[in-house]
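The next block holds one structure in the form of structure tokens; read it before the comments.
The values are calculated or read from the model by the stated rules, or taken from the named source; none is laboratory data. Bear in mind the structure is a predicted one, so any value in this text is a computation, not a measurement. No Cβ is skipped: glycine too gets one built from the backbone with ideal geometry, and neighbour counts run over all protein chains shown.
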Amino acid sequence: MPRKQQQISDAIQAKLEDARVARLATLDAEFGPHIVPICFAYDGKVFYTAVDRKPKRVVPERLARLRHIRAVPQVALLIDEYREDWRRLWYILVRGKAKLIPNSAQKERAEAIRRLRAKYPQYTAGMLPDDAPIIRITPERIISWGKN
């Protein structure tokens, strides 16, 4: 049963909009952890990330994160900021379900790509093709700590 959308503060919303990188944690079929840094966009309800044209060791279809999401959709997303002044540290931990957006969901794919290109100039410059694999992360729980 889906959980009710969690309300987040304006301060957390602002951090999610401004943050440039997150870490996506997935589980393989044997529940072994895997974590990678990602670019992301947040639309106020869900997070989007894409497999872009940065160099990869394997073709996108064989990437661990995509295989893991297909096997076990539970994921965690960590957005944080480190400062030497520890009074200014913060993090946002998102736990939820990930899903690969099918090519048939053209409207959602187009909106996700538009948001990602608006946030990252590299994506507008060709690093994010229209046919890129797109992942939607639907939060089930959002926890924050630190300077909000």
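In the list I101, I79, which residue meets the criterion of being in contact with a helix residue (DSSP H, G or I) (Cβ under 7 Å, 6 or more places away or on another chain), farther than 13 Å from Y48 by Cβ and either among the hydroxyl-bearing types (S, T, Y) or modelled with pLDDT of 95 or more (or both)?
Result of the check over I101, I79: I79.
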Review point. When you go through A118, A125, A110, A105 one by one, which is the residue that is closer than 19 Å to D18 by Cα, hydrophobic (A, V, I, L, M, F, W, C) and more than 15 Å from the chain's Cα centre (by Cα)?
Key: A118
Check your understanding: Would you pick out the residues in region 124-148 that are surrounded by fewer than 17 Cβ atoms within 10 Å (Cβ to Cβ) and hydroxyl-bearing (S, T, Y)?
Key -> T124
Revision key, fill the gap. The residue that is modelled with the highest pLDDT, considering only those in region 21-44 that are surrounded by 10 or more Cβ atoms within 10 Å (Cβ to Cβ) and charged (D, E, K, R), is R23
Point to revise | Neighbours by Cβ (under 7 Å, 6+ apart or cross-chain): first from region 66-85, within 18 Å of I38 (Cα to Cα); second part of a loop (DSSP other than H, G, I, E, B) and charged (D, E, K, R) | key: H68/D28
Check your understanding: Looking at region 86-112, which of the residues that are of a type in the set (K, R) and surrounded by fewer than 13 Cβ atoms within 10 Å (Cβ to Cβ) is nearest to V36 (Cα to Cα)?
Key -> R88
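How many residues are of a type in the set (A, V, I, L, M), in a loop (DSSP other than H, G, I, E, B) and out of contact with any Leu (no Cβ under 6 Å at 6 or more places or on another chain) if we restrict to region 52-93?
4
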Exercise for review: Could you tell me whether region 113-123 includes any residue that is touching a residue at least 60 places away in the same chain (Cβ under 8 Å), surrounded by 14 or more Cβ atoms within 10 Å (Cβ to Cβ) and in a loop (DSSP other than H, G, I, E, B)?
Suggested key: yes
Check your understanding: Could you list, in sequence order, the residues of region 130-147 that are in a strand (DSSP E or B) and under 22 Å from D80 (Cα atoms)?
Key -> I135, R136, I137, T138, P139, E140, R141, I142, I143, S144, W145, G146
